[in-house]
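The values are calculated or read from the model by the stated rules, or taken from the named source; none is laboratory data. Nothing here was measured: the structure is a model prediction, and the numbers come from that model. Cβ coordinates were reconstructed from backbone atoms using ideal geometry, including for glycine residues, and neighbour counts include every protein chain displayed. The area values use the complete protein model at the heavy-atom level, side chains included, leaving out ligands, DNA and RNA. Shrake-Rupley method; radii C 1.70, N 1.55, O 1.52, S 1.80 Å.
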Amino acid sequence: MAKITYVEANGTRHEVEAENGSTVMENAIRNDVPGIVAECGGACTCATCHVYVDEAWTAKAGGPSVMEEDMLDFAFDVNDNSRLSCQIKVSDELDGLVVHVPENQA
Ligand code: FES
């Protein structure tokens, strides 16, 4: 289990307990975190699950795969810490992870 905090663009925080092996996107949907749309259901083909990984967590969360990077081209306002949340797998290592939800999704 890992605690994940989603911070909306307006500053509202949502703390959830996430199971190992699930994705950061799935936990956002399950817990009704606004701003994560996830149109493709986690297939890495929509870019509507875009999040910014908090600076303190970018090393642990790692960078996007080549496929994910291609898909990120379709997201709005992509930064160095942008990830598609359906491609971040929850593990004990990520206990305490903080991600920021962008104002708009693609
Ligand atoms: Fe579609 Fe992540 S849910 S790319």
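Taken per residue, the accessible surface of segment 1-82 reaches 55 Å², heavy atoms only and a 1.4 Å probe. If you look at the Cα atoms of segment 7-69, you get an Rg and a Dmax of 12.0, 31 Å. Among CYS86, CYS49, CYS40, the largest mean-square fluctuation in a Gaussian network model of the chain (Cα springs under 10 Å) belongs to CYS40.
Scalar couplings 3J(HN,Hα) for segment 86-99, obtained by applying the Karplus form with A = 6.51, B = -1.76, C = 1.60 to θ = phi - 60°, are 6, 9, 9, 8, 6, 8, 4, 4, 9, 4, x, 3, 10, 10 Hz; x denotes Gly and Pro.
For the chain, a simple Cβ point-charge model (Lys and Arg +1, Asp and Glu -1, everything else neutral) yields a dipole of about 140 debye relative to the Cα centre. Dimensions of the chain based on its C-alpha atoms, expressed as ranges along the principal axes with the largest first, amount to 30, 27, 25 Å.
Among residues other than VAL101 whose Cβ falls under 13 Å from its Cβ, what is the net charge (Lys/Arg +1, Asp/Glu -1)?
On the way: positive: ARG13, ARG83; negative: GLU8, ASP32, ASP54, ASP77, GLU103.
Taking every other residue near VAL101 into account, the sum is -3.
DSSP beta bridges confined to the chain are antiparallel in about 75 percent of cases. Multiplying each eigenvalue of the alpha-carbon gyration tensor of segment 42-85 by 5 and taking the square root yields semi-axes of 17, 11, 9 Å, largest first, rounded to whole angstroms. Ligands, DNA and RNA left out, the accessible area of the chain computed with a 1.4 Å probe is 45% carbon and sulfur.
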